[in-house]
Each structure stands twice: as structure tokens, then as C-alpha cells.
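What follows is a set of notes on a single structure, which appears directly below.
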Amino acid sequence: MPGRDVGGGPQGTGRTGVWLIGARGSVATTVVAGWAALTAGLHPPTGMVTETAPFTDPPVPSLPPLTSLVFGGHDTAACPLPKRAEELAAGGVLPYGLPRAVHAELAAADAAIRPGGPQHGDTRDDAELVAAFAADLRAFRREHDLDRTVVINVASTEPAPAHPPGAAGPEPYTDRLPASSLYAHAALRAGCPYLNFTPSAGLHHPLLQEMARSSGLPYAGRDGKTGQTLLRSVLAPMFAQRALTVRAWSGSNLLGGGDGAALTDPGAAAAKNAGKARVLADTLGELPPGEVHIDNVPALGDWKTAWDHIAFDGFLGNRMVLQTIWQGCDSALAAPLVLDLARLLAAAHTVGLSGPQPALGFFFKDPDGGPSALAEQYAALTDYADLLRARGQA
């Protein structure tokens, strides 16, 4: 395989690539359409943490402007982004008329999407696939004269590897890598910071962990925290801090779209639920009894309903219950976070940070260390803004 090209540090063009794995999916389409709407002044940056005072007052100099972002990606789907955006608008995910207003930006991003894999009948082995994906990333950077490219996995959840290999290094492979890890490996090969917004293996695969640590690149996370787990990360500390004993915590998710279909696979659902359980175990000291069910309801499209039932003990053994209902659109919840993370990891790369970035745990169910409570994670994130600011001014 070709050697790794880190390519860190400012290089003068001022443009930052955002390479989306699953680039024609609902989240990626909402990201590109939303970015185009923001940069055209059609909508405010609602939900974007990097557009709030801790990052803008004073500005973090290494944070790339939204107008400097250039989009591309990998996908196995063929539906063009403008068409996918029209479908999302018809489902109420995107505002009516927005796909037409930002058609040029959607078409430009679609033109930069390359075929993903492995697809049915693909005879290439893992090494050949990684080399091809890394070549696509290098070509994207050259063609658009980019300072750097951040790779972000927003594809559908895949099952965890059933029998992960125990070898320490990336080569030779003793088993086929899952698709998410092929893309993650390619990102490292091409010298690209990497973010995993899904529960899939990505860089967490045993064969890639040492390679990631020694790459000199910043990387972060697993599984974006957009709805039910976001609420859990707020509520669980409340019970712990008020000395209220949680007897059971159960939940249910009803969702459609690509994620709903993907999560009908028991292995994929188990990978998704692991992050939901982690925040409870980390915050409460142990995982309380209860289960989370994920049900595919195709009629819901890109919308979902999440319900939690929390049984807890109060003073003198008084038994009480808290129930919550979260209804929302996952793509619209995820898109501003993806834009935030692309900018933050590009800034980290610019100022020379490397390795896991635990301060970005605010955005993830399964962060790279650090606290699990949202308030503590937010404090770490604002400290991170100060770190980036100081490193950028040094």
C-alpha cells in the first residue's frame, strides 16, 4: 500500500474538505443542504455549537469558516444528492423549496462522490479496497486544492465484528475488515483526520487501533448523541446527584428510513444500544435493569419517537416513575453536529493536535474517554475551544 500522507499544518488555500462516508444518505444530504442554506444566509445556524459564544467570542482562529468547506464522499447508492434532497423535502426533513434553492451546491457535492464498497461481486481484497479509497481521498484534496480533509462516517449502522482478530498491527489481515474500518484505514493512509458518527467499528477495530495512535492525526468518537442518549446524559446525573436510586431504566425507539431498516439486524441493534447503556453505567455506577428496544416502522420515514421509563426510589422508599418522550428527525438533529465536528477536527489538525480527542465526547454516545454527563462534557468542550484558540495564536 502507498505510504501515509499526514499533511498537517496550514498550507494556504483556506479550504477544508469534508468527506462523508454514506454521502447520499439522509444525514449526509441534510448536512450538505443545510450547509448550503447557512452559507447563503437562508437559515440561521440553529443547533451548531461552534456558532455560539465560546467559539465566536473571541473567534477560534483555526476553526475553518463554513464558506471554506468542500464536500465529497463515498457511497454505494446511486441516487443523486439533488434527488435525495427532494425526497427529504417531501418527507418534511428539509424545508419546502430548499433543494431547488441549493441545487448547484448539492450537484457539486454529488459530483465529488465516489463509489464505495465492498459491493456485491467485488473481488478486491481489503488491501486493494483501502488503497482505492485512499486514492480517492488524495485525488479529492488535489482537485479542490484543499488544506486538509476530514473524513466522517455517517453511513448506516453495521453489526459489530463477530470474531474480531487479535493481531496488533494492520497487516496482514487475518479476517475481512467491516466496511467502516476499511474507510477508516483509508483515512489514515491518506493523512485525514477521522470521525465516526455511527456505532460501527471504524477505528475501534483491533487491527487499526495502534495504527490510529501512531498516525499523528486527530480522531474522535463513536456514535453521535442526538436524541434519547442526549437526554439520558442529562437525566442520569440528576438521579445520581440527588441520591435517588434508579431501580430500572427501559426504553423504546420507533424509527423508519435507512437506519430503521439497518437496525432490524440484531447485531446492528446491539451495537447501537451499547452506547445508550454506557452513559447509564458510567454515570450511575452500574447499569440498572431494563432494556432498549428498536423497532423499524417504515411509515415514519426519517422521523423517530424514543420513549424512556425510569423507575426510581425516593425518600422513605417512596417508589416513583419518570417517563419521557422524544420525537424528532434524526437527520436534522445530526447535521449541525456533523458540521461542528468537521470544523473542530480540522482545527485540531491545523494546530497540531493528534490522537483521540476526548473533549469532543460532548457529541458522542461512546466518547474517547472523559466524563459521560453532558454538563461536564460541555465544560470540557469549552476548555477545548480555549485550547484551540491558544494553540492557534501561539
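Within region 224-239, the residues that satisfy the criterion of being touching a residue at least 40 places away in the same chain (Cβ under 8 Å), of a type outside the set (V, I, T) and farther than 27 Å from L88 by Cα are R232, S233, L235, A236, P237, F239.
The residue that is farthest from G116 (Cα to Cα), counting only those in region 22-80 that are hydroxyl-bearing (S, T, Y) and out of contact with any Ser or Thr (no Cβ under 9 Å at 6 or more places or on another chain), is T52. Would region 240-248 turn up any residue that is open to solvent by less than 30 Å² (accessible area, probe 1.4 Å) and without any contact (Cβ under 8 Å) to a residue 60 or more places away in the chain? No, region 240-248 contains no residue that is open to solvent by less than 30 Å² (accessible area, probe 1.4 Å) and without any contact (Cβ under 8 Å) to a residue 60 or more places away in the chain.
On the basis of being closer than 30 Å to H43 by Cβ and open to solvent by less than 10 Å² (accessible area, probe 1.4 Å), does L374 make the cut? In short, no. R100 meets the conditions (1) in contact (Cβ under 8 Å) with a residue 60 or more places away in the chain; (2) farther than 19 Å from Y194 by Cβ in every case but one. The failed one is (1). Here R247 meets the list (1) closer than 27 Å to L300 by Cα; (2) not in a helix (DSSP H, G or I) almost entirely, failing just condition (1).
I'd like the full set of residues that are charged (D, E, K, R) and either touching a residue at least 40 places away in the same chain (Cβ under 8 Å) or in contact with a Gly (Cβ under 6 Å, 6 or more places away or on another chain) (or both), limited to region 274-297. Across region 274-297, the qualifying residues are K276, R278, D282, E291, D295.
The rows are residues; the columns are (1) over 26 Å from G256 (Cβ atoms); (2) among the hydrophobic types (A, V, I, L, M, F, W, C); (3) out of contact with any Leu (no Cβ under 6 Å at 6 or more places or on another chain).
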position	(1), (2), (3)
G34	no, no, yes
T39	yes, no, no
E51	yes, no, yes
D57	yes, no, yes
L63	yes, yes, yes
H74	no, no, yes
Y96	no, no, yes
R124	yes, no, yes
L137	yes, yes, yes
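Of all residues in region 299-327, exactly one satisfies the criterion of being in contact with a Gly (Cβ under 6 Å, 6 or more places away or on another chain), among the small types (G, A, S) and part of a strand (DSSP E or B), namely A306. Residues in region 203-217 that are closer than 16 Å to L182 by Cα and outside any loop (DSSP other than H, G, I, E, B): L203, H204, P206, L207, L208, Q209, E210, M211, A212. Counting the residues of region 108-137 that are in a helix (DSSP H, G or I), open to solvent by 50 Å² or more (accessible area, probe 1.4 Å) and touching a His at 6+ places or on another chain (Cβ under 9 Å) gives 0.
Which of the residues that make up region 186-221 are under 12 Å from the mean Cα position of the chain (by Cα) and of a type in the set (S, T, Y)? Correct list: Y194, T198, S200, Y219. Among the residues of region 337-371, the ones that are more than 17 Å from the chain's Cα centre (by Cα) and over 20 Å from V150 (Cα atoms) come to 2 in all.
Filtering region 343-368 down to residues that are part of a loop (DSSP other than H, G, I, E, B) and out of contact with any Asp or Glu (no Cβ under 7 Å at 6 or more places or on another chain), which residue is most open to solvent (accessible area, probe 1.4 Å)? Among residues in region 343-368 that are part of a loop (DSSP other than H, G, I, E, B) and out of contact with any Asp or Glu (no Cβ under 7 Å at 6 or more places or on another chain), the one most open to solvent (accessible area, probe 1.4 Å) is S354. For A40, are the conditions met, namely being more than 20 Å from N153 (Cα to Cα) and in contact (Cβ under 8 Å) with a residue 12 or more places away in the chain? Yes, satisfied.
For A179, the conditions (1) aliphatic (A, V, I, L, M); (2) more than 30 Å from A89 (Cβ to Cβ); (3) surrounded by 23 or more Cβ atoms within 10 Å (Cβ to Cβ) are fulfilled apart from (2).
One line per residue, one yes/no per condition, for (1) closer than 16 Å to G221 by Cα; (2) without any contact (Cβ under 8 Å) to a residue 24 or more places away in the chain; (3) charged (D, E, K, R); (4) touching a strand residue (DSSP E or B) at 6+ places or on another chain (Cβ under 8 Å):
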| position | (1), (2), (3), (4) |
| --- | --- |
| A299 | no, no, no, no |
| I310 | no, no, no, yes |
| F315 | no, yes, no, no |
| D340 | yes, no, yes, no |
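The values are calculated or read from the model by the stated rules, or taken from the named source; none is laboratory data. Only a predicted model underlies this, so the values are computations on that prediction, with no experimental measurement involved. Note: ideal-geometry Cβ built from the backbone for every residue, glycine included; neighbour counts use all protein chains shown. Each accessible area value is taken on the protein alone, full model and side chains, heavy atoms only, with ligands, DNA and RNA left out. Shrake-Rupley method; radii C 1.70, N 1.55, O 1.52, S 1.80 Å.
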